[in-house]
Amino acid sequence: NPELHGAKRRFLLFLCIAKRVIGHRIALFSGAVSSNDKSNWRAGSFAFYAFLLYTVLIWSCELLDLFCWLTGIPQVTFISRAAALAFTVFFGWRVIGVPRVKRVKIDAYMVLGSILIAGFFAVKGIRPDMSYDTYNYHLLSQIPGFTDNLNYHVMPGKFQMFGFRLGDRMFYPFRALLGLRMGTLLNAAAMLVIYRQVTVFLAWFQESFGNKAWKLLCRPSLVAFFVVCRFDLILQSGTYMVELLALPFFLEMLFLLVREREEGSVRKEAFVFSLTGGILFCMKMTNIVYLVPLVLLYIWKIRKDITVPLFLSCLAAGAVPVTVYLVYNTVSTGNPVFPYYNTIFQSEYYPIENFKDRRWGPAGPGEVLCWPWYMIRYPDYRLSELPCAYNLDLAAGYLGMAGILAAGLYGGIRKTGRKKAGKYRRELLLIAVYVSSMMIWTVTTGHTRYFMGGILLNGILLAVCYLRLMNAGGWLPALAGILLILPFGGRVEYGFKSVWQGYEWGMRDSSLDSYKKNARWIFRDREIFSQTVKEQVDVIFLTWDDYGSYARLIGGDVPVYNRNAIVGELKAHQDQYLAQVETFMREGKGVYDMFPQSAEKLDAYLDWMNKAGYYVDDMFYMTDKLSGPQAFNMARLSMADGRKNRWYYAYADDRQGRFQMEKNSDHYKMTAIFGDPDWWLNPYPFRILITASDGNTAKIAGTVDLTGACEYQKTETKLDLTGLSGTITISFTSSVEGKRGVAVNPVIEEAVRQ
């Protein structure tokens, strides 16, 4: 209205613009204009869009924390988190925008499949993840903020401290909110996103080639359930493994690659494709096996649209995500991809060699071409710590690919069949990605855990072949499709059954009693260790195994030194680091180690301490929120200085542990670490009887009560040796049949008379 002037006119103009913009965005998000607006990029589902924004939020926090760490500003503040959230909203709303999606109805199969997947992942999480990677570095890599892992801490998670930790960081909000056990549900969320993505992708083929006769067996959500519930993916249930988190980005890149080119959205889709690829690489470096063929094929697809500005923007989108970790690694170690390619970067904190785990992959050039066959025929040969014995579905996938290739090539050769061959363009692109990535994977790692995307793609191709056969219109093609898809059922049954029975990364048993003991800690395990435990610890010195994750969770900012890393990766500096640990001990600081419970582990640990030159001054059980044989004890260490660790078992029969002493007084006091090494199996109270004998007379000189409330406790008890003389034999006996006690490093001193 020209009659309106000044602030009032500007205000009304702002309201009109806001109404149009907000109304447009709401309509777009609901799908009302998704079929008409060609400028927005196309996504497989809104579930992926939400997953992408969550990833961007975590990455933004990482970027700001790195900036704060480099400049000396406090990290993990309210301001930095608010800024990260604001950036994520702006990025999702204005930079990439809300995507267009193809509407695929959520049917009963989708609901039921989602419930089964989420329920299985949740139940598996009741028992805490005790896999090596988790207690070594996954939990510790989740902790927000950057720190000096070479001077303040000393590689608590070994060289994995310098890996690309974006996937680990994504778990932290879940663990902080839901606790240690249910924090693994992020993997369930990723699995549901994957399930939805595959369902939408398969719906393209169902919609184009519908056949009412086979409608029930061709439901995309039903077929997708069998595709995604593979053993290799189910292995990640209830764990903090990060490989599953990368698959939604891998799938979205596949879908952007095979979709038809649209003039209006090609630039934004190219930007999103590059960003997704950057995040995929940032999740784990081994994902490079997918990136190479995907990027090359996508460049060929949009070759006519590439301009210098588009190239530079895509390059930035792909490179920026991983830059955070490249900068941190370079500042910390001098090698941006530490410890890899150290012959090039020559970091002083790793031997001048190129790291490669030579346990896995082809043993020689002759096995490289045969590796796909080895996956099926010899799954236990250099493929994984947990090989999959059922691989008929992979063989069926190869047959499906062969059929698609034959149909596509035959149509391409015959001029009249070129239109028909074009129908297989998507499948041929997927096969090209699969074959190329498999070749790269074979010569790099060859470990099936790092080819989960390829195994999933194998299933997708088989499912597409199945849908084409089922909807061809005849009984013979339909029968062939059913026979081809049957191995899927066996793979799904094998996967769920094996993982349920404990054949999994989490290293958990499947006993009902174990689930009952752990169920009471669900949502109550946000803090694992009590304040009492934390107050005793000044330094953690890991000598037994790589328990860096739990070590960091105990102390927060307490320094953690990992001896395995010191004498391994850091062997050029080991004298310096070990001297610092000795200084801590001689200054009287509480230097603690960790080792698993059980009598067998106690024997091995004390033997190791004698070889390593350390003396155990005290021991206690870390927490009752971790149960079973893989829960930990803590041992306070000092320099041995000629002392030997000694321990004596107390049985109810004649197998008493004993040692001798010379009597100089009638009254002594014994200080020892008394305990019940089987406490985790049967926390039952009993008494250790301390018997003294001079060869002629024997008497009970003292007793120690073990209440069953804890595993080990340093205790002082009085010994009455009246009536005995000369050389005295001290022995230990349990008061209860079937219970054994132990006395570690007993020290006897004359009692001071009052």
Problem set entry | the stretch 610-633, residues that are of a type in the set (A, V, I, L, M) and either surrounded by fewer than 21 Cβ atoms within 10 Å (Cβ to Cβ) or modelled with pLDDT under 95 (or both) | A612, M619, M622, L626, A631
Exercise. Would you pick out the residues in the stretch 142-175 that are in contact with a helix residue (DSSP H, G or I) (Cβ under 7 Å, 6 or more places away or on another chain), farther than 14 Å from D546 by Cα and assigned to a helix (DSSP H, G or I)?
Worked result: Q142, F162, L166, G167, D168, R169, M170, F171, Y172, F174, R175
Seminar exercise, completed: The number of residues in the stretch 323-350 that are under 17 Å from L570 (Cβ atoms) and surrounded by fewer than 17 Cβ atoms within 10 Å (Cβ to Cβ) is 3
Exercise. Has the stretch 590-600 got any residue that is in contact with a Phe, Trp or Tyr (Cβ under 7 Å, 6 or more places away or on another chain), farther than 16 Å from G675 by Cα and surrounded by fewer than 20 Cβ atoms within 10 Å (Cβ to Cβ)?
Worked result: no
For this session: Among the residues of the stretch 119-136, write down those that are farther than 17 Å from G179 by Cβ and touching a helix residue (DSSP H, G or I) at 6+ places or on another chain (Cβ under 6 Å).
Result: N136
For this session: Inspect all residues belonging to the stretch 732-744 and state whether any of them is part of a strand (DSSP E or B), over 48 Å from the mean Cα position of the chain (by Cα) and either more than 30 Å from N518 (Cα to Cα) or outside the structural domain of S598 (by TED's automatic domain parsing) (or both).
Result: no
Seminar exercise, completed: Checked the stretch 536-564 for anything within 14 Å of V581 (Cα to Cα) and hydrophobic (A, V, I, L, M, F, W, C); matches are V537, V539, I540, F541, L542, V558, V560
For this session: Check the stretch 440-455 and report whether any residue there is assigned by TED's automatic domain parsing to the domain that holds K284 and free of Cβ contacts under 8 Å to residues at least 24 places away in the same chain.
Result: no
Problem set entry | Residue in the stretch 61-69 that is free of Cβ contacts under 8 Å to residues at least 40 places away in the same chain, on the phi > 0 side of the Ramachandran plot and surrounded by fewer than 19 Cβ atoms within 10 Å (Cβ to Cβ) present | no
Seminar exercise, completed: By residue number, the members of the stretch 431-482 that are part of a helix (DSSP H, G or I), of a type outside the set (V, I, T), more than 25 Å from R219 (Cβ to Cβ) and within 29 Å of the chain's Cα centre (by Cα) are S436, S437, M438, M439, W441, R449, Y450, F451, G454
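Matching residues to (1) touching a residue at least 40 places away in the same chain (Cβ under 8 Å); (2) acidic (D, E):
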| site | (1), (2) |
| --- | --- |
| N287 | yes, no |
| Y298 | yes, no |
| R303 | no, no |
| L326 | no, no |
| E348 | yes, yes |
| K356 | no, no |
| P365 | no, no |
For this session: Would you point out the residue of the stretch 264-309, among those that are β-branched (V, I, T) and in contact with a Phe, Trp or Tyr (Cβ under 8 Å, 6 or more places away or on another chain), that is surrounded by the most Cβ atoms within 10 Å (Cβ to Cβ)?
Result: I279
Seminar exercise, completed: Going through (1) in contact (Cβ under 8 Å) with a residue 24 or more places away in the chain; (2) assigned by TED's automatic domain parsing to the domain that holds V742 one by one, R655 fails only at (1)
Exercise. Between a first residue in the stretch 105-128 that is closer than 24 Å to A519 by Cα and touching a residue at least 40 places away in the same chain (Cβ under 8 Å) and a second residue that is among the basic types (K, R) and in a helix (DSSP H, G or I), which pairs have beta carbons less than 7 Å apart while being 6 or more apart in sequence or on different chains?
Worked result: G125/R181; I126/R181; P128/R181
For this session: Would you confirm whether any residue within the stretch 569-577 is farther than 30 Å from R165 by Cα and in contact (Cβ under 8 Å) with a residue 24 or more places away in the chain?
Result: no
Exercise. Out of all the residues in the stretch 58-70, is one or more out of contact with any strand residue (DSSP E or B) (no Cβ under 8 Å at 6 or more places or on another chain) and not in a helix (DSSP H, G or I)?
Worked result: no
Problem set entry | Complete set of residues in the stretch 728-754 that are of a type in the set (D, E, K, R) and either more than 19 Å from N645 (Cβ to Cβ) or modelled with pLDDT of 95 or more (or both) | E737, K739, E750, R753
Exercise. Can you spot a residue in the stretch 735-749 that is of a type in the set (A, V, I, L, M, F, W, C), free of Cβ contacts under 8 Å to residues at least 40 places away in the same chain and surrounded by fewer than 18 Cβ atoms within 10 Å (Cβ to Cβ)?
Worked result: no
Exercise. Failed condition for S510, given (1) surrounded by 15 or more Cβ atoms within 10 Å (Cβ to Cβ); (2) within 20 Å of Y390 (Cβ to Cβ), with all others met?
Worked result: (1)
Exercise. Any idea which of (1) touching a residue at least 24 places away in the same chain (Cβ under 8 Å); (2) out of contact with any strand residue (DSSP E or B) (no Cβ under 9 Å at 6 or more places or on another chain); (3) surrounded by 19 or more Cβ atoms within 10 Å (Cβ to Cβ); (4) of a type outside the set (F, W, Y) is the one I540 doesn't satisfy?
Worked result: (2)
Problem set entry | Every residue from the stretch 106-148 that is among the polar types (S, T, N, Q) and out of contact with any Phe, Trp or Tyr (no Cβ under 8 Å at 6 or more places or on another chain) | S141
Exercise. Within the stretch 78-109, which residues are under 21 Å from L222 (Cβ atoms) and assigned to a helix (DSSP H, G or I)?
Worked result: A108, Y109
Exercise. Are any of the residues in the stretch 620-636 over 29 Å from N518 (Cβ atoms) and touching a Lys or Arg at 6+ places or on another chain (Cβ under 9 Å)?
Worked result: no
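The values are calculated or read from the model by the stated rules, or taken from the named source; none is laboratory data. Nothing here was measured: the structure is a model prediction, and the numbers come from that model. For neighbour counting, all protein chains shown are included, and Cβ atoms are generated from backbone atoms with ideal geometry for every residue, glycine included.
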